[in-house]
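Each remark here refers to the structure printed beneath this line.
The values are calculated or read from the model by the stated rules, or taken from the named source; none is laboratory data. Since this is a predicted model, take the numbers as computed values, not measurements. Note that each Cβ is placed from the backbone with ideal geometry, even for glycine, and that neighbours are counted across all protein chains shown. When the accessible area is computed, the model is the full protein with side chains, heavy atoms only, and any ligands, DNA or RNA have been set aside. Shrake-Rupley method; radii C 1.70, N 1.55, O 1.52, S 1.80 Å.
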Amino acid sequence: MENILLEYPYKNNEHIALVRLNRPKVLNALSTDLMNELVDCMLELDQNPSVRVIILTGNERAFAAGADIAQMVTASPIDQINDNRFRTWEMLRLITKPIIAAVNGFALGGGCELAMSCDLIIAGDDAKFSQPEIKIGTIPGAGGTQRLTRAIGKSKAMMMVLTGDMIDANTACDWGLVAKVVPAPTLLQETFELAKTIADRAPVAVRLAKEAVNKSFEMTLKDGMDFERRNFYLTFSSLDQKEGMKAFMEKRSPNYQGN
Ligand code: CO8
């Protein structure tokens with residue numbers, strides 16, 4: 001892989017994988033090759049039984065400054081259709097394990113959309129978010145008008161999408177785009193602590209909970225409640241549910257095996 005790095009930096013915890021976007025010279029612009037590598041890597045991690053949580057990050061300067069403009073500048077609509085870059089973006093939706101976006105610096109355009117494709121965002125206090133496509137004569141194409149609107153509401157999303165202006169990390173947190181803001185130098189450590197907490201939970205339940213929360217964006221409340229209930233029932237077929245409740249009754253910590 002040339003455009004991303006896969007690391008297991010937490011020696012005492014093999015359950016957590018760190019995927020780093022790695023095109024620093026162009027602020028991690030999301031080229032087709034990068035997105036292909038990213039999706040391949042994510043699909044592989046999803047199949048790896050020892051991995052329970054994935055952290056996706058960039059570097060100190062940028063999470064990602066958007067789709068690679070150099071690849072799009074002369075593209076025709078037919079080029080875009082033939083290239084079918086959104087196929088890879090769609091495949092991110094197939095990942096069943098929690099993905100935490102750890103954002104320092106710029107998360108712009110496709111970079112903001114990529115962060116929003118993750119399950120939650122932790123931001124360093126220097127992070128900046130925007131959908132700047134309007135400034136270069138186009139509009140968001142990977143969820144910037146949809147996920148952003150669901151995250152922060154119509155009026156604020158309109159302001160961001162129609163102006164293209166950046167918001168800072170604290171504003172993004174106040175508006176509900178970001179779960180937590182931490183001092184930038186501590187971003188990976190803080191994200192690891194959160195990932196570790198999630199990795200310590202029952203993996204089957206984590207997967208079913210993620211699936212149910214994501215369904216809330218696609219279903220009516222009634223259908224979503226039905227879906228949630230079925231996943232709730234399904235947890236009772238896991239050994240981890242037996243272990244979790246037994247451990248509670250025995251006043252000890254549970255030991256989850258992920259089955
Ligand atoms: N694409 C390609 N190259 C980029 C990108 C990008 N999105 N962003 C930055 N770069 C490159 C610059 O060209 C520059 O390269 P070089 O050194 O060779 O000149 C290098 O990164 C450093 O950038 P700057 O010199 O511009 O750094 P500054 O600190 O002055 O500015 C900014 C930083 C504000 C982030 C500025 O670079 C910028 O505005 N970048 C573009 C942001 C943008 O418009 N993003 C939206 C792109 S469109 C998009 O994302 C649509 C998504 C649709 C879905 C995805 C479909 C695949």
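Once backbone amide H atoms are built at 1.01 Å from N, D126 has G105, A184 as its partners under 5 Å, excluding neighbours fewer than 5 places away on the same chain. Across the chain, Cα pairs under 8 Å and at least six residues apart give a relative contact order of 16 percent. Once you treat every alpha carbon in the chain as an equal point and sum by Debye, what is log10 I(q)/I(0) at q = 0.10 Å⁻¹? With one equal scatterer per Cα and no solvent, log10 I(q)/I(0) is -0.52. Residues whose amide H comes within less than 5 Å of that of K180, counting only those at least five positions distant or on another chain, are A123 (H built at 1.01 Å from N in the peptide plane). Note on R87 and D33: the model spin-label points, each 7 Å out from Cα along the C-beta direction, lie 1.9 nm apart.
Total lysine pairs in the range 175-259 at Cα distances under 24 Å, for residues eight or more apart or on different chains: 11. Across the range 101-114, coupling constants 3J(HN,Hα) worked out from phi with the 6.51/-1.76/1.60 Karplus curve, θ = phi - 60°, read 8, 9, 10, 10, x, 6, 10, 10, x, x, x, 5, 5, 5 Hz, and Gly and Pro carry x.
Phi angles of the range 135-145 translate, via the Karplus equation with coefficients 6.51, -1.76, 1.60 and θ = phi - 60°, into HN-Hα couplings of 6, 10, x, 9, 9, x, x, 10, x, x, 8 Hz per residue; Gly and Pro are given as x. Residues of the chain were split at every exposed loop site, defined as chymotrypsin sites (Phe, Trp or Tyr not before Pro) in a DSSP loop with at most 16 other C-beta atoms within 10 angstrom, and the longest piece left, sites excluded, is 1-216.
Residues in the chain average 54 Å² of solvent-accessible surface per residue, probe 1.4 Å, ligands and nucleic acids excluded.
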